[in-house]
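Reading through the structure tokens given below for one structure.
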Amino acid sequence: MDEKTGPHAKLIDDLGGPTAVAALIDHRRTPQAISQWKLPGREIAFRFRRRLHRIAVRRKLDIPPNFLAE
């Protein structure tokens with residue numbers, strides 16, 4: 001993470017970017033909403049983390065520390 005991105009930005013990119021993540025979690029979430037989670041001080045909404053964690057594990061992606069902690 002750097003000053004221009006939040007702690008979950010890399011995971012979102014590794015999953016295919018905001019459009020792909022929107023498709024993975026909920027058809028009502030827009031890519032624009034997902035891209036907000038990449039900003040400093042923002043994170044992936046907790047209610048979607050378990051699903052994205054399972055996908056990331058299957059794809060053998062790096063998962064941010066404490067990703068499933070509240």
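The values are calculated or read from the model by the stated rules, or taken from the named source; none is laboratory data. A quick note: this is a predicted structure, and the numbers were derived from the prediction, not measured. Glycine also receives a Cβ, built like all others from the backbone with ideal geometry; neighbour counts cover every protein chain displayed. These area figures cover heavy atoms from the full protein model, side chains too; ligands, DNA and RNA do not enter into them. Shrake-Rupley method; radii C 1.70, N 1.55, O 1.52, S 1.80 Å.
Kindly indicate whether any position in the stretch 30-38 is surrounded by 15 or more Cβ atoms within 10 Å (Cβ to Cβ), in a loop (DSSP other than H, G, I, E, B) and touching a His at 6+ places or on another chain (Cβ under 9 Å).
yes
Would it be correct to say that Ile55 is in a loop (DSSP other than H, G, I, E, B) and touching a residue at least 40 places away in the same chain (Cβ under 8 Å)?
no
Looking only at the stretch 39-50, filter to residues that are touching an Asp or Glu at 6+ places or on another chain (Cβ under 9 Å) and surrounded by 13 or more Cβ atoms within 10 Å (Cβ to Cβ); which one of those is nearest to His8 (Cα to Cα)?
Checked the stretch 39-50; the qualifying residue nearest to His8 (Cα to Cα) is Arg49.
Within the stretch 20-28, is there a residue that is more than 14 Å from Pro64 (Cα to Cα), outside any loop (DSSP other than H, G, I, E, B), open to solvent by 70 Å² or more (accessible area, probe 1.4 Å) and among the aliphatic types (A, V, I, L, M)?
Checking the stretch 20-28: at least one residue is more than 14 Å from Pro64 (Cα to Cα), outside any loop (DSSP other than H, G, I, E, B), open to solvent by 70 Å² or more (accessible area, probe 1.4 Å) and among the aliphatic types (A, V, I, L, M).
Of all residues in the stretch 56-70, count the ones that are closer than 19 Å to Thr19 by Cβ and in contact with a helix residue (DSSP H, G or I) (Cβ under 6 Å, 6 or more places away or on another chain).
1
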